[in-house]
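Asks: One structure, pasted below without further comment.
Computed from the coordinates by the stated procedures, all read-outs in this text should not be read as laboratory data. Predicted model only: the values in this text are computed from it and were never measured. No Cβ is skipped: glycine too gets one built from the backbone with ideal geometry, and neighbour counts run over all protein chains shown.
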Amino acid sequence: MKLHEYQSKELLARYGVPVPAGDVTSDPIEAKAIAERLGGKVVVKAQVLMGGRGKAGGVKLFDTADDAAAFAKDLIGKRLISKQNPTGMVVEKILIAETVDIAKEFYVAVLLDRNIQKSIVMISAEGGMEIEEVAETNPGAIVKVAIDPAWGLSDFQLRKAIKDANIPKEARNQMVSMIKNLVRAYEAADAEMVEINPCALTPEGKLIAADAKVSIDDNSLFRHKDYQATSSDSAEDPIEAEANRRGIAYVKLGGEIGIIGNGAGLVMQSLDEITAAGGTPANFLDVGGGAKEDRVRSCVELILMDPAVKGLFINIFGGITRVDEVAKGVLAAFATLDTDIPVVARIEGTAVEEGRKILAGSRIVPAETVQEGAKKIVELARG
C-alpha cells in the first residue's frame with residue numbers, strides 16, 4: 001500500500017529525517033493561510049497516488065501566498081491525467097510546503113530485495129532521476145548494501161557504501177544519520193520501500209528529504225490503523241482502487257481479455273492459456289474461496305469497468321466455492337449490465353451440474369477445458 005507524500009514525510013519526520021516544513025489541506029482558504037505561514041515562497045503538490053503528477057500540472061512553485069491559493073483553488077477537485085495514468089485521478093488534498101534550494105541531488109532508499117531475502121539500502125549520487133533509468137544507463141552509480149536481519153547495518157558498512165556512491169564529503173556524516181533513521185522508520189512502519197528522491201543538499205550544506213515515497217506491507221495494516229483509510233485509494237489505477245475498496249484481488253494488465261478465476265494458481269494458469277491462444281490478458285482477478293452470488297457479480301462489474309475489455313473468460317474450479325453460486329452471480333451481473341461482450345466459462349467442481357443447468361440457454365459459452373475456453377474467448381473477442 002502506497003502512502004501519500006504528506007504521510008510519507010510525516011513518518012520520516014517522526015524518526016528524525018529532515019523534511020521541508022509544510023501542511024496538507026483540501027480547503028483553498030486554508031491553503032493561503034499555510035502559504036502565508038511559510039513565507040509565501042512555497043510549492044503546491046497534488047496528493048494523488050499516480051505517476052507523472054508534475055507533468056500533469058499537479059506540482060507548481062510560487063513566490064506569493066495569493067498565487068499559491070489561486071492555484072490551489074483550481075487544483076482541488078481537478079482530474080489529473082498523465083501518461084502513466086490515462087484515466088486520471090481527482091485531487092482531493094494538496095500539500096503546501098516550503099521550497100528547497102538544491103545544490104546537489106542524491107537518491108536514498110531502503111527496500112525489500114526478494115532475491116536475497118533481505119532488506120537493503122540503495123544509494124546513488126544521481127538523484128532526481130528515475131532510479132530505473134540510472135540502473136539502465138549507469139548501473140555502477142547505484143550502491144547496494146544488505147541489512148543483516150540479526151545484527152542490522154553497521155556504521156562501517158554504511159560509510160563505505162556512502163563513499164562508494166561518490167557522495168561528497170560534506171554530506172557523508174549527515175547521510176549516515178539520515179539512513180539510520182530511514183531504516184528505523186522502515187522497520188517501524190512494516191514498509192516494503194522507503195525512498196527519498198531527491199535527497200537534497202542545500203547551498204548551506206544541509207541534507208533534506210525533498211520528496212519521499214513509502215509503501216507499506218498490506219498485511220501489516222492492522223498495526224497501522226492511521227493508514228487504513230488510505231488503502232482504498234492506494235492504487236494508481238482507478239479500477240484497482242475500486243477493487244481495493246470492495247476487497248477483491250485485482251490487478252490491471254492492459255490487455256483485451258478479462259479473466260475471473262478462483263485461486264491465484266488457477267488465475268495465473270488462465271493468463272498463460274490466454275496468452276498461448278494469442279490473446280492479451282486484461283487483468284488478474286481472484287474471486288476468492290466461498291464466493292457468493294453478489295461477490296461474483298461485483299467481480300464482473302470490475303472487469304467491465306475497463307473499456308479495453310473485449311471478452312471475458314471465467315475459470316472456476318469449485319471446492320469451497322460452489323459452482324452454482326458462481327453461475328447465479330454471472331447471470332445476475334449480465335442481467336443488469338449494458339454490455340454485449342462475449343463470455344466463455346469453464347466450470348468444474350462442487351455443484352457443477354447445478355451450475356451448468358443455470359447457465360444452459362444463456363449467452364455464456366461453455367468450455368470443457370481451460371485450453372478450449374481460452375481459445376474460444378480469444379476467437380470470439382476478435383470477431
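Asks: For the chain, with equal point scatterers placed on the C-alpha atoms only and solvent neglected, what are the log10 I(q)/I(0) values from the Debye formula at q = 0.08, 0.09 1/Å, to two decimals?
Replies: Listed by q, the Debye log ratios stand at -0.54, -0.66.
Asks: Please tell me which of these pairs span more than 21 angstrom C-alpha to C-alpha: Lys2/Lys83; Lys328/Lys375; Lys2/Lys45? If you can, show how the numbers build up before the last one.
Replies: Working: Lys2/Lys83 19 Å; Lys328/Lys375 24 Å; Lys2/Lys45 17 Å.
Result: Lys328/Lys375 exceed 21 Å.
Asks: Taking N as the number of residues in segment 238-381, what is its Cα Rg relative to 2.2 N^0.38 Å?
Replies: On the way: Rg = 13.2 Å, N = 144, 2.2 N^0.38 = 14.5 Å.
My calculation over the Cα atoms of segment 238-381 gives 0.91.
Asks: Answer with one residue from Ser26, Ala65, Gly77: the one whose Cα lies farthest towards the positive end of the charge dipole of segment 21-98, charges on Cβ with Lys, Arg +1 and Asp, Glu -1.
Replies: Gly77
Asks: Report, in degrees rounded to the nearest 10, the 0 to 90 angle that the Cα long axis of helix 5-14 makes with the longest principal axis of the chain.
Replies: Orientation of helix 5-14: about 50 degrees from the principal axis.
Asks: Estimate the FRET efficiency between Arg114 and Glu170 by the formula 1/(1 + (r/R0)^6), using the beta-carbon distance for r and 45 Å for R0, to the nearest 0.05.
Replies: Values: r = 35 Å, r/R0 = 0.78.
For Arg114 and Glu170, the calculated efficiency is 0.80.
Asks: If eta is 1.002 mPa s and T is 20 °C, what Stokes-Einstein diffusion coefficient results for segment 21-98, Kirkwood Rh from Cα pairs, in µm²/s?
Replies: On the way: Rh = 12.1 Å.
The diffusion coefficient I find is 178 µm²/s.
Asks: Which distance in nm do the two modelled labels at Asp272 and Met129 give, with both placed 7 Å along the Cα-to-Cβ direction?
Replies: Each label point lies 7 Å from its Cα, and together they span 3.8 nm.
Asks: Can you give me the Cα centroid spacing of segment 103-132 and segment 331-383 in angstrom?
Replies: Comparing the Cα centres of segment 103-132 and segment 331-383, I get a distance of 46 Å.
Asks: Bin all alpha-carbon pair distances of segment 39-147 at 10 Å intervals from 0 and give each bin's fraction as a whole percent.
Replies: Percent of pairs per bin, in order: 13, 30, 31, 21, 5, 0.
Asks: Send over the Kirkwood Rh of segment 104-228, from the inverse of the averaged 1/r over different Cα pairs, rounded to one decimal Å. The partial results should precede the final answer.
Replies: Values: mean 1/r = 0.0671 Å⁻¹.
Final number for the Kirkwood radius of segment 104-228 is 14.9 Å.
Asks: OK, next. Once the Cα gyration tensor of segment 89-171 is found, what semi-axes does its equivalent ellipsoid get, as square roots of 5 times the eigenvalues, in whole Å, sorted largest first?
Replies: Numbers: eigenvalues 131, 69, 45 Å².
Listed largest to smallest, the semi-axes of segment 89-171 are 26, 19, 15 Å.
Asks: Could you size up the charge dipole of the chain around its Cα centre, putting +1 on the beta carbon of Lys and Arg and -1 on that of Asp and Glu, and report it in debye to the nearest 20? Provide the component values of the computation, followed by the final result.
Replies: On the way: 46 positive and 56 negative charges, 66 e Å.
The dipole magnitude comes to about 320 debye.
Asks: Then there's this: So what's Rg/Rh here for segment 158-255, counting alpha carbon atoms and using the Kirkwood radius for Rh? Can you show the working numbers first?
Replies: On the way: Rg = 17.7 Å, Rh = 16.0 Å.
That ratio equals 1.11.
Asks: Still on this structure: How many lysine pairs are close in segment 110-250, with Cα atoms under 29 Å apart and the two 8 or more places apart or on different chains?
Replies: For segment 110-250, the number of qualifying lysine pairs is 27.
Asks: Relative contact order, percent, of the chain when contacts are C-alpha pairs under 8 Å separated by at least 6 residues?
Replies: Answer for the chain is 13 percent.
Asks: Please report the relative contact order for segment 21-98, taking Cα pairs under 8 Å with a sequence separation of at least 6, and give it as a percent rounded to a whole number.
Replies: On the way: 169 pairs, mean separation 34.0, N = 78.
Once divided by the residue count of segment 21-98, the mean separation gives 44 percent.
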